[in-house]
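Written out below as structure tokens is the structure these notes cover.
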Amino acid sequence: MRRVVHLAGRVSTRSIRVKPCRFYSSSLNFTNEETEFANRKAQIFERHESYYPTLQQLREVPPTRVPQFIEKFHDYQWDTDKLSLDEIYSLEGKISSIRKSGKGMMFIDIVQDFQKVQLVLSNKMMNLSRDQFTSTHDFFKKGDFVHAMGFPGTTKVGELSLKLTKSLQIAAPTLHPLPPKLTDPEKRHHNRVVDYLVNKRSQQIIILKSQVISSIRSFLNERQFLEVSTPIISNSTKGANATPFSTSSKHLKDNHTGELVDLQLRVAPELWLKKLIIGGFDKVYEIGSNFRNEGIDGTHNPEFTTCEFYQTFTDLHELMKMTEKLFQGILKDVSGNEVVKPQLDVLSNGFSQFQKLEFIPAIEQQTKFPLPEQLTVDSLTEYFHRIQLPLPKIKSVPHLLDTLSSTYLEPLCTSSPTFIYNQPSIMSPLAKSSMVKYPNGKTYDISRRFELFINGKEFVNAYEEENCPVDQLEKFKLQQMLKDQFKDDETIVPDYKFLQTMEWGMPPTGGWGLGIDRLCMLLAGESRIEEVLTFGTLPDVIKQ
């Protein structure tokens, strides 16, 4: 646990051991810059109240944010005889570069809201001697937050600037020099703050994720969907085949036993959202975090972000069309982001034409052998032997079928988004299903479901929802039997409260879920999920 030291009043540097930041240096010897910053830190600590003023202490005129300043003056027609105005403006931001021109002039770039503007500092404009100007402004470093006041103007080469009429003021100093570069993955992921300060790309990826979420919201809001928030903590997991995180509340006890109630973090919001459908909300969606107590790798983290939406009287074909329009709209909305541009042509070509693979015919086409009509453990095990495919660790029917899909179908889904649809119903316990007779004469119980794959990875899972409480009960019973028989912790847990809710009447409904983190990885051209998470995966988080 990190110790927090509260500083109040004047602090003597003799009582503080000031150490340079050693985050990025591999040398045991302090560089000149580190020594300078160590001395600077001691100076700031001794009179810290002077270096962290309130905004009220700094501001004499209301400040203008840098983007608004640029927007107002970037096309301004300056008088060639007078390259500045007489009206005073104040700007605030973070120093990104400092350039000196002799002892009486400096050019400082500041950044605010990801936009940069130049400050021009001159001893003559401030009515200071060169020595006074130098002693005042040599203190400032790249990374300091500052307040500036002066006249809008332009330089002789035409660069928009604020020409200061009084000394630059510190708003908050940096106490460490930034590393010139930071590329080591471990150091980047274990200190994302420094990563963001040094690497613009890391910032742009987080901005991309915000743009993606904003695009999804706009798409759904334009179609009159209602955004909602459903419970994250409850007494049972709902809506997905996954292992939950378990917890409890010391303030919530069982009325009969007095024991603490077992609680779990949600693995998906699905059943809560469908309860809202039953409650009379025809179009709902939720964007938020879900939690699964499962493995961590390049594409999986225990905490992840999804979007799920539900719309009454919507079939599988309509869900596919909505998916295509949404993905095309997202790509258009984020196309200006620098991290997307290298992939833009490939993504644009792929998103222009979505492909389809029907599960059973495609499996048979790839393996060259017909599937058994009765999909049992024994028949599928024999089928695996016939096609010389190793059996999965858990030999239940859903796992056997999923292995066939991951081996033969998902690798076919390259840069063009591909719908794998009409999976056997045992793979989708919450989906509507029906008996379908295929041209070969065989009949299968098929779910009205699709999964969208790109580059062999699943991005969307959608289906027409099971709305019959009798059929849903039977599917829940089958899931419980599979869970007990195969000791599969990821099998969905039956939710009998949801069944009772269904008895109030659930309309035909289309449901849809997207992994937002994985979509951001695709758009940014990243292969690992930690790059699109603000502070990395769970192992990274606990080290920060």
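Only one of the numbered conditions (1) hydroxyl-bearing (Ser, Thr, Tyr); (2) under 22 Å from Ile233 (Cβ atoms); (3) assigned to a helix (DSSP H, G or I) is not met by Thr257, and that is (3).
Residue check: Asp333 meets all listed conditions (1) more than 21 Å from the chain's Cα centre (by Cα); (2) in contact (Cβ under 8 Å) with a residue 24 or more places away in the chain; (3) surrounded by fewer than 19 Cβ atoms within 10 Å (Cβ to Cβ); (4) not in a loop (DSSP other than H, G, I, E, B) but one, namely (1).
Counting just the residues of the range 167-196 that are crowded, with 17+ Cβ neighbours inside 10 Å and basic (Lys, Arg), which one comes out modelled with the lowest pLDDT? Filtering first and then ranking leaves Arg188. Does any residue of the range 491-502 turn out to be farther than 17 Å from Leu271 by Cβ and surrounded by 14 or more Cβ atoms within 10 Å (Cβ to Cβ)? Checked the range 491-502: no residue is farther than 17 Å from Leu271 by Cβ and surrounded by 14 or more Cβ atoms within 10 Å (Cβ to Cβ).
When Glu294 is tested against (1) at pLDDT 95 or above; (2) more than 21 Å from Ile205 (Cα to Cα); (3) part of a loop (DSSP other than H, G, I, E, B); (4) of a type in the set (D, E, K, R), just one condition goes unmet, and that condition is (1).
Considering the range 45-94 alone, what residues qualify as being part of a strand (DSSP E or B) and either surrounded by 13 or more Cβ atoms within 10 Å (Cβ to Cβ) or within 33 Å of the chain's Cα centre (by Cα) (or both)? Passing the criteria: Ser84, Tyr89, Ser90, Leu91, Glu92, Gly93, Lys94. Give the range 351-369 a look and list any residue that's in contact with a Cys (Cβ under 9 Å, 6 or more places away or on another chain) and either surrounded by 18 or more Cβ atoms within 10 Å (Cβ to Cβ) or over 30 Å from Val334 (Cβ atoms) (or both), or say none. Matches in the range 351-369: Leu357 only. A search for C-beta distances below 6 Å between a residue of the range 373-395 that is free of Cβ contacts under 8 Å to residues at least 60 places away in the same chain and any residue that is surrounded by 11 or more Cβ atoms within 10 Å (Cβ to Cβ) and of a type in the set (S, T, N, Q), counting only pairs 6+ apart in sequence or on different chains, returns Ile387/Thr367; Pro392/Thr403.
The values are calculated or read from the model by the stated rules, or taken from the named source; none is laboratory data. Just so it is clear, the model here is predicted, and its values are computed rather than measured. Here the Cβ is made from the backbone with ideal geometry for all residues, glycine too, and neighbour counts use every protein chain on show.
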